[in-house]
Amino acid sequence: MTWIDQQGDPLLTVPEVAQYLRQSAYSTRQQMRFGRIPGAVKLPGGEWRLSRTDLAAYVDSLKQPTAA
């Protein structure tokens, strides 16, 4: 089953997000679990999903310089 968000964007699986971020699925799942990736949702079966829009926003936030 393909889950979609309110805008009709398919929700990405943990392995898809991990591949985009070039990190392990385990690390991605842990970041979602601890709220470090905003917009991640846990489905009733316990699987995590993230919309492409939220993934893009997260990646953009990583590019922003931090205040000293």
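The values are calculated or read from the model by the stated rules, or taken from the named source; none is laboratory data. Fair warning: this is a prediction, and the values are worked out from it, not measured in the lab. Because the Cβ atoms are built from the backbone with ideal geometry, glycine has one as well, and the counts that use them run over all protein chains shown.
Among the residues of segment 12-34, is there at least one that is part of a strand (DSSP E or B) and in contact with a Ser or Thr (Cβ under 9 Å, 6 or more places away or on another chain)? Give the derivation first.
Step one: list which residues in segment 12-34 are part of a strand (DSSP E or B), which gives 12-13.
Going one step further and asking which of them are in contact with a Ser or Thr (Cβ under 9 Å, 6 or more places away or on another chain), we end up with 12.
Scanning segment 12-34 turns up at least one residue that is part of a strand (DSSP E or B) and in contact with a Ser or Thr (Cβ under 9 Å, 6 or more places away or on another chain).
For segment 17-39, the set of residues classified as surrounded by 15 or more Cβ atoms within 10 Å (Cβ to Cβ) and within 16 Å of Ala57 (Cα to Cα) consists of Val17, Ala18, Tyr20, Leu21, Thr28, Gln31, Met32, Ile37, Gly39, listed by residue number.
Which one is surrounded by the fewest Cβ atoms within 10 Å (Cβ to Cβ) among residues in segment 40-68 that are in a helix (DSSP H, G or I) and acidic (Asp, Glu)? Give the steps one after another, and end with the answer.
Residues of segment 40-68 that are in a helix (DSSP H, G or I), as a first pass: 52-63.
In the following step, the residues that additionally are acidic (Asp, Glu) were identified as 54, 60.
Working: Asp54: 20, Asp60: 9.
Selected residue: Asp60.
Summed over segment 7-37, residues that are at pLDDT below 95 and touching a strand residue (DSSP E or B) at 6+ places or on another chain (Cβ under 9 Å) total 4.
For Ile4, state whether it is without any contact (Cβ under 8 Å) to a residue 24 or more places away in the chain, surrounded by fewer than 17 Cβ atoms within 10 Å (Cβ to Cβ) and in contact with a Leu (Cβ under 9 Å, 6 or more places away or on another chain). It would help to see each step written out before you state the result.
Values: without any contact (Cβ under 8 Å) to a residue 24 or more places away in the chain: yes; surrounded by fewer than 17 Cβ atoms within 10 Å (Cβ to Cβ): yes; in contact with a Leu (Cβ under 9 Å, 6 or more places away or on another chain): yes.
So Ile4 passes the test.
Scanning segment 19-34 for residues that are basic (Lys, Arg) and within 14 Å of Trp48 (Cα to Cα) turns up Arg29, Arg33. A Cβ distance below 6 Å, combined with a sequence gap of six or more or placement on separate chains, defines the contacts here; from segment 37-53, residues that are closer than 18 Å to Ser27 by Cβ reach residues that are surrounded by 14 or more Cβ atoms within 10 Å (Cβ to Cβ) and among the acidic types (Asp, Glu) in the pairs Gly39/Asp54.
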